[in-house]
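J.: The structure is given below, and queries will be raised subsequently.
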Amino acid sequence: MDPAKRLLEWYDAKRRDLPWRKTTAWYPVWVSEIMLQQTRVETVVSAYEVFLERFPSVGALAAAPIESVLAVWSGLGYYRRARLLHQAALRVVAQESFPTEVDGLRALPGIGEYTASAIASICFGVATPVLDGNVERVISRRLASADDPKRAATRDGLRAAAASLLDPARPGDSNQALMELGATICTPRAPRCSVCPLGEGCQGLTSGSPTNYPPARVRRVTERQSRVAAIVNRDSRILLVRLPDSSPTLGGTWEIPWVAAEASQSAAEFAERYGGKWSLGPSRGTVKHAITYRAIEVDVREAFLEGGDHVAEGIEAGWFDRAGLGRVPHSSLVEKILRRAASS
């Protein structure tokens with residue numbers, strides 16, 4: 001049987017029941033593809049339907065303040081994606097149309113080669129292959145390619161091989177089948193080659209060492225950070241400070257005041273950074289958090305701040321109860337810290 005047909009038969013029988021696969025409408029598919037950039041499927045599943053309930057159309061998304069969009073995005077990370085999605089929604093509403101071809105899609109903020117190809121194939125039946133990390137791995141193994149899949153010349157070959165596996169009548173499903181295969185069968189460390197629909201003709205499998213392909217990339221050395229986070233309560237509300245929009249990571253989100261652990265012997269570091277007069281109480285325990293190449297360990301401390309709402313110039317601060325916290329953007333680290341404080 002033709003490998004493209006085998007792939008689709010496998011996908012029809014074994015694909016995961018994911019909410020964004022129940023539609024080919026461009027708006028929900030677009031939202032899902034932006035969410036899935038650099039975020040695990042399991043995390044996106046719970047966030048996707050909440051986001052669509054709050055912003056059910058591109059018009060609703062464009063009309064919403066960016067602060068509200070970032071708040072609903074909380075927990076997904078990489079908040080720049082939400083900002084670009086909002087910018088693109090404004091453009092789509094202004095143009096009164098959504099692009100249906102790859103080049104037009106790539107002109108929208110936040111949409112690159114992969115996302116444009118995914119949307120075009122799934123929503124508009126454009127027979128264009130996708131190359132995400134999963135597809136790169138599947139095709140590299142099928143070709144036994146030891147070349148770096150991020151090199152332009154290598155990608156051209158991978159893209160051509162992926163295109164050969166597209167069913168022209170169902171290009172979106174073919175692309176999703178390749179991604180699903182990489183996510184569930186042709187995994188990085190323990191591929192289940194015995195049940196792979198593309199096992200026949202896979203040169204990596206024939207070689208006896210499919211995990212040699214693609215070659216392992218040099219990983220960035222993990223940067224370990226130790227912090228002290230200060231939980232300041234006032235009338236059942238928690239003090240948070242807002243990161244500037246220009247912050248390189250998590251810009252515009254609210255965080256719990258913190259300093260580097262090596263400065264924790266004196267509350268003066270908190271005062272220097274945030275203003276006011278601080279004193280630190282007992283530890284409530286520690287939490288661990290990973291973001292990109294950083295491994296962060298946080299000592300959660302009870303703290304007291306004299307001087308009311310005084311903070312240093314240029315810092316925006318606020319007091320939030322649980323309901324209020326749900327209306328502003330904040331990271332999953334904030335949730336971890338608050339859970340630790342509440343459980344001690």
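The values are calculated or read from the model by the stated rules, or taken from the named source; none is laboratory data. Quick caveat, the model's predicted, so the values are computed rather than measured. With ideal geometry, Cβ positions are generated from the backbone for all residues, glycine too; neighbour counts draw on all protein chains shown. Just so you know, the surface numbers come from the protein's heavy atoms only, side chains and all, with ligands and any DNA or RNA stripped out. Shrake-Rupley method; radii C 1.70, N 1.55, O 1.52, S 1.80 Å.
J.: Can you pull out the residues in segment 192-226 that are open to solvent by 50 Å² or more (accessible area, probe 1.4 Å) and assigned to a loop (DSSP other than H, G, I, E, B)? Walk me through it before giving the result.
T.: So in segment 192-226, the residues open to solvent by 50 Å² or more (accessible area, probe 1.4 Å) come out as 192, 194-195, 200-201, 203, 205-208, 211-212, 216-224, 226.
If the condition is that a residue be open to solvent by 50 Å² or more (accessible area, probe 1.4 Å) and assigned to a loop (DSSP other than H, G, I, E, B), then Arg192, Glu200, Gly201, Gly208, Ala216, Arg217, Val218, Arg219, Arg220, Val221, Thr222 are the ones that fit.
J.: Okay, moving on. How many residues are surrounded by fewer than 20 Cβ atoms within 10 Å (Cβ to Cβ), assigned to a loop (DSSP other than H, G, I, E, B) and on the phi < 0 side of the Ramachandran plot if we restrict to segment 133-157?
T.: Residues meeting the conditions: 5.
J.: Given (1) of a type in the set (Lys, Arg); (2) in contact (Cβ under 8 Å) with a residue 24 or more places away in the chain; (3) open to solvent by 70 Å² or more (accessible area, probe 1.4 Å), where does Arg189 come up short, assuming only one miss?
T.: Tallying (1) of a type in the set (Lys, Arg); (2) in contact (Cβ under 8 Å) with a residue 24 or more places away in the chain; (3) open to solvent by 70 Å² or more (accessible area, probe 1.4 Å), Arg189 fails exactly one: (2).
J.: Could you go through segment 317-335 and let me know if any residue there is out of contact with any Ser or Thr (no Cβ under 7 Å at 6 or more places or on another chain), assigned to a strand (DSSP E or B) and open to solvent by 70 Å² or more (accessible area, probe 1.4 Å). Can you show your working first?
T.: Narrowing segment 317-335 to residues out of contact with any Ser or Thr (no Cβ under 7 Å at 6 or more places or on another chain): 317-320, 322-328, 332-335.
From the residues that got through so far, the ones that are assigned to a strand (DSSP E or B) too are 317-320.
If we keep only those that are open to solvent by 70 Å² or more (accessible area, probe 1.4 Å) too, we end up with none.
Among the residues of segment 317-335, not one is out of contact with any Ser or Thr (no Cβ under 7 Å at 6 or more places or on another chain), assigned to a strand (DSSP E or B) and open to solvent by 70 Å² or more (accessible area, probe 1.4 Å), which makes the answer no.
J.: Please state which of the following conditions Lys22 fails to meet, knowing it meets all the rest: (1) free of Cβ contacts under 8 Å to residues at least 60 places away in the same chain; (2) exposed (fewer than 14 other Cβ atoms within 10 Å of the Cβ); (3) more than 20 Å from Ala120 (Cβ to Cβ).
T.: Failing condition for Lys22: (3).
J.: Would a scan of segment 158-175 turn up a residue that is touching a Pro at 6+ places or on another chain (Cβ under 7 Å), open to solvent by 20 Å² or more (accessible area, probe 1.4 Å), small (Gly, Ala, Ser) and part of a helix (DSSP H, G or I)?
T.: yes
J.: Between residues in segment 101-123 that are closer than 19 Å to Pro28 by Cβ and modelled with pLDDT of 95 or more and residues that are hydroxyl-bearing (Ser, Thr, Tyr) and open to solvent by less than 30 Å² (accessible area, probe 1.4 Å), which pairs lie under 6 Å by C-beta distance while being six or more apart or on different chains?
T.: Ser117/Thr128; Ala120/Thr128; Ser121/Thr128
J.: Tell me, which helices (runs of 4 or more DSSP H) lie completely within segment 32-117 with 2 or more residues that are open to solvent by less than 10 Å² (accessible area, probe 1.4 Å) and within 23 Å of Arg15 (Cβ to Cβ)? Give the steps one after another, and end with the answer.
T.: Numbers: elements: 41-54, 58-63, 66-73, 80-95, 102-106.
The qualifying helices (runs of 4 or more DSSP H) are 41-54.
J.: Where residues in segment 248-271 are assigned to a loop (DSSP other than H, G, I, E, B) and open to solvent by less than 30 Å² (accessible area, probe 1.4 Å), which of them is modelled with the lowest pLDDT?
T.: Initial filter on segment 248-271 (assigned to a loop (DSSP other than H, G, I, E, B)): 248-253, 256-257, 264-267.
Among the residues that remain, those that are also open to solvent by less than 30 Å² (accessible area, probe 1.4 Å) are: 251-253, 256-257, 264, 267.
Numbers: Gly251: 87, Gly252: 91, Thr253: 94, Ile256: 96, Pro257: 95, Ser264: 57, Ala267: 86.
Filtering first and then ranking leaves Ser264.
J.: Can you pull out every residue in segment 219-240 that is of a type in the set (A, V, I, L, M, F, W, C) and touching an Asp or Glu at 6+ places or on another chain (Cβ under 6 Å)?
T.: Filtering segment 219-240 down to residues of a type in the set (A, V, I, L, M, F, W, C) leaves 221, 228-232, 238-240.
Val228, Ile231, listed by residue number.
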